[in-house]
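Down below is the structure, laid out as structure tokens.
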Amino acid sequence: MSATTSSLAELATRVSGRVVTAADADWDAVRSGYNLAADLEPAAIVLAVDTDDVVAAVAHARDHGLHVAGQATGHNAAAHAGVSDTLVVDVRELRSIAIDVDTGRARVGAGVRWRDVVPQLSDLGLAALHGSSPDVGIAGYSLGGGMGWLARKHGLQANSVVAFDVVTADARLHRVDAHHQPDLFWALRGGNGNFGVVTAIEFTVYPVKELYAGGLFFPLERAEEVLTTWTSIAPDLPEELMTWTTVYQFPDVPEVPEPLRGGAFTVFHAAFLGSEEEGAALVAPVRELGAALDTFAMVAPVALADMAMDPPDPLPYRSTTALLDDLPADGIGRVLEVVGEGAGSPLPLVQIRHLGGALSRTEPGAGARATMPGQFCLFALGVVPDYESAVEVASYLQRLDVAVEPWRIGQYPNFVEHPADASTFFDAATWERLRSAKAQHDPAGLFRGNHRIEPATGDRVARAAEAV
Ligand SMILES: Cc1cc2nc3c(=O)[nH]c(=O)nc-3n(C[C@H](O)[C@H](O)[C@H](O)COP(=O)(O)OP(=O)(O)OC[C@H]3O[C@@H](n4cnc5c(N)ncnc54)[C@H](O)[C@@H]3O)c2cc1C
């Protein structure tokens, strides 16, 4: 028995949950997350069932020369570089939910996914700042930013977080908020899993009884008209309105309802915090193009959870993303040369989201991911069940990258699903401050977010401190 194996066996006696290693029969099942193409082989996975387990796991890793990676659902596991020296602390079982209607706050365990809380909130006339998929974990989403349907009005979810319960490098549980360790609170809201293992999150939810939302479905060959009309009205749309346009190629499988099954569509989606009359007037230029299917209606907020039709089940995929400062006619043409009619694209989803509004403003007290620069955000994915499809998908994703290159101004880290240089996700001052916070709260680099922040050294710490 190796030193690591015997120490993990000892850890197993001190936690109420399980310590799962490669020797366990269910190792592959436990270590796989949403993206089946992510092949993480950590030293072990602690399936924590309470905060004491998280504390024990962090103390164990610290005392035995291992790193720690917090994980909830594995939706962005593919961004991790090597983790063979890392203990994954999996919080999927931390599933408490408490909603306080009077204060407009929800408090959830770090294993809670949006689908667990959005329906309850909706029944209470409340909406949260979730994104396109209800299966995403609230923790990872919030720690990286969190851009959803209400983001142009209410900003990123990270900046609606009011408190974290987090186990830090001292292997103790802290409540961190604007008044308790405010610098750590700032760093957690965008700094990802680099500062500790979060066990619970408290965040603001918003009063929304109903809103005007839905999609206009056009056949793929009308993509250019739809994208041109949409991008021409986008600059004048109010921040109460969020719009996304997506090129979908739906698989020919029974789970996809007719008339979408096996079809290729360009879909304009919108969510408007206002009346049907106002909303209909705002989306009229796109509607007047004559959609094949129109699903707009006044709906309860829960309808937003599945509106984007993200694949609900785990699948192997690769993706690409870009923040764009514009998408002129030339850009639309270049994108459609790769994914438009006749291009032979294998990509089932190529989505462009409108940014701006609250996403472009730094509100007082915001965290490290305060804003989302640019006018549009591109995200595209391809399914890669085998080598041949992986090669083909990689080629189309790369061509898409080249197509948008003239307008690319950065990347949104939650959408970056491969190992990357995290310094490129932040402006220089924010990056220095994050590294300084890392040096202060985790100088030994115990915690490894999937996008890593290394501690600042001497002079960098001083420079960052001066900048604050
Ligand atoms: C289908 C799909 C749709 C998506 N839609 C959107 C969207 O609309 N808007 C958007 O902004 N993003 C979206 N995302 C991206 C998503 O926000 C990120 O993948 C996010 O990191 C997922 O968090 P998770 O907890 O589910 O995943 P995990 O893979 O479990 O976590 C991701 C990372 O978050 C950190 N982390 C997670 N839990 C903890 C914890 N308890 N303590 C410390 N660190 C932790 C770790 O660094 C971890 O590696 C989508 C992703 C997918 C796959």
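The values are calculated or read from the model by the stated rules, or taken from the named source; none is laboratory data. Remember, it's a predicted structure, so these values are computed and weren't measured experimentally. Note: ideal-geometry Cβ built from the backbone for every residue, glycine included; neighbour counts use all protein chains shown. Heads up: the accessible areas ignore ligands, DNA and RNA and are worked out on the full protein's heavy atoms, side chains in. Shrake-Rupley method; radii C 1.70, N 1.55, O 1.52, S 1.80 Å.
Details
- First in the stretch 249-264 and more than 15 Å from Val383 (Cβ to Cβ), second anywhere and open to solvent by 80 Å² or more (accessible area, probe 1.4 Å), Cβ under 7 Å, 6 or more apart: Arg261/Asp252
- Scope the stretch 83-95; condition open to solvent by 10 Å² or more (accessible area, probe 1.4 Å) and over 21 Å from the mean Cα position of the chain (by Cα); matching residues: Ser84, Asp85
- Verdict on Asp306 being within 30 Å of Gly125 (Cβ to Cβ), under 19 Å from the mean Cα position of the chain (by Cα) and open to solvent by 60 Å² or more (accessible area, probe 1.4 Å): yes
- Residues that are in the same structural domain as Met309 (by TED's automatic domain parsing) and polar (S, T, N, Q) do not occur anywhere in the stretch 438-461.
- Listed conditions (1) under 24 Å from the mean Cα position of the chain (by Cα); (2) not in a strand (DSSP E or B) are all met by Ile201, apart from (2).
- Verdict on Asp28 being open to solvent by 50 Å² or more (accessible area, probe 1.4 Å), among the charged types (D, E, K, R) and at pLDDT 95 or above: yes
- Phe218 vs. criteria away from the ligand (no atom under 15 Å from the Cβ), open to solvent by less than 10 Å² (accessible area, probe 1.4 Å) and either acidic (Asp, Glu) or not assigned by TED's automatic domain parsing to the domain that holds Val46 (or both): yes
- Counting the residues of the stretch 55-87 that are touching a Pro at 6+ places or on another chain (Cβ under 6 Å), assigned to a strand (DSSP E or B) and not β-branched (Val, Ile, Thr) gives 0.
- Spans of helices (runs of 4 or more DSSP H) in the stretch 355-468 with at least 1 residues within 27 Å of Leu336 (Cβ to Cβ) and open to solvent by 30 Å² or more (accessible area, probe 1.4 Å): 387-404
- Selection of the stretch 305-335 for residues being within 11 Å of the ligand (Cβ to nearest atom) and under 17 Å from Asp401 (Cβ atoms) yields Tyr317, Ser319, Thr321.
- All positions within the stretch 319-354 that are assigned to a helix (DSSP H, G or I), open to solvent by less than 10 Å² (accessible area, probe 1.4 Å) and aliphatic (A, V, I, L, M): Ile332, Val335, Val338, Val339
- Asp252 satisfies every condition listed in (1) assigned to a loop (DSSP other than H, G, I, E, B); (2) in contact with an Asp or Glu (Cβ under 8 Å, 6 or more places away or on another chain) except (2).
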